[in-house]
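Note sheet for the following structure.
The values are calculated or read from the model by the stated rules, or taken from the named source; none is laboratory data. On a predicted model such as this, the values are computed, not experimentally measured, just so you know. Every residue, glycine as well, gets a Cβ built from its backbone with ideal geometry; the counts of neighbours run over all protein chains shown.
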Amino acid sequence: MKDKVNEIQISYREKIGTLKSDPIKGSKHAAKLLYNNWDKGTIGLQESFKILLLNNSNKVKGVYPLSIGGITGTLVDIRILFAIVLKTLSVGILLAHNHPSYKLVPSEADKRLTRKIKDAAQLFDVKVLDHIIIAPNGDYYSFADNGLL
């Protein structure tokens, strides 16, 4: 009998509501879609990080909740992020996280993480279209709109 090696299984389920959306046309459209898919009970309490998975026509394949953190931050493991991207055969992604403080200014850690993910994405020919920070009231900050991508 062979020893069983620890196995990690990543499951992915498409959300029907997002699959029927039009192609993402800009940060406002993406932020609205993300905000509508956020848990309103926790958006003002703790940070979460999600990825919007896109096909070649920028149509949404799904929204994947990558991590849930504390009041002032959340941990993002880019190995898991790219496992999801590759498993879903996504060619584009949009990064998103919330700021419970309503402060729509990216921290230096936010900027470093975005650069790290963007650099890694190039190796897989995956486009990082934007990184959106969402406030509990639905306001947002777009890295792409502000020249940070």
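Which one is farthest from T114 (Cα to Cα), of the residues in segment 1-53 that are of a type in the set (A, V, I, L, M), part of a loop (DSSP other than H, G, I, E, B) and modelled with pLDDT of 90 or more?
Top of the filtered list is L45.
Quick check on I93: is it modelled with pLDDT of 95 or more and surrounded by 17 or more Cβ atoms within 10 Å (Cβ to Cβ)?
Yes; evaluated as a whole, the condition is true for this residue.
Exactly one condition in (1) at negative phi; (2) modelled with pLDDT under 95 is false for N58; which is it?
(1)
Which of the residues spanning segment 66-89 are under 27 Å from D139 (Cβ atoms) and either among the polar types (S, T, N, Q) or assigned to a loop (DSSP other than H, G, I, E, B) (or both)?
S67, G69, G70, I71, T72, G73, T74, L75, V76
Within segment 127-141, which residues are surrounded by 20 or more Cβ atoms within 10 Å (Cβ to Cβ) and either polar (S, T, N, Q) or part of a loop (DSSP other than H, G, I, E, B) (or both)?
Listed by number, the list is empty, since nothing qualifies.
What about I134, is it touching a helix residue (DSSP H, G or I) at 6+ places or on another chain (Cβ under 6 Å) and at pLDDT 95 or above?
Yes: the conditions hold for I134.
Regarding T114, is this residue surrounded by 14 or more Cβ atoms within 10 Å (Cβ to Cβ), in a helix (DSSP H, G or I), free of Cβ contacts under 8 Å to residues at least 60 places away in the same chain and of a type in the set (S, T, N, Q)?
Spelling it out, T114 is indeed surrounded by 14 or more Cβ atoms within 10 Å (Cβ to Cβ), in a helix (DSSP H, G or I), free of Cβ contacts under 8 Å to residues at least 60 places away in the same chain and of a type in the set (S, T, N, Q).
Which condition breaks for K111 when tested against (1) basic (K, R); (2) closer than 24 Å to K61 by Cβ; (3) touching a Leu at 6+ places or on another chain (Cβ under 7 Å)?
Going through the list (1) basic (K, R); (2) closer than 24 Å to K61 by Cβ; (3) touching a Leu at 6+ places or on another chain (Cβ under 7 Å), K111 breaks only (2).
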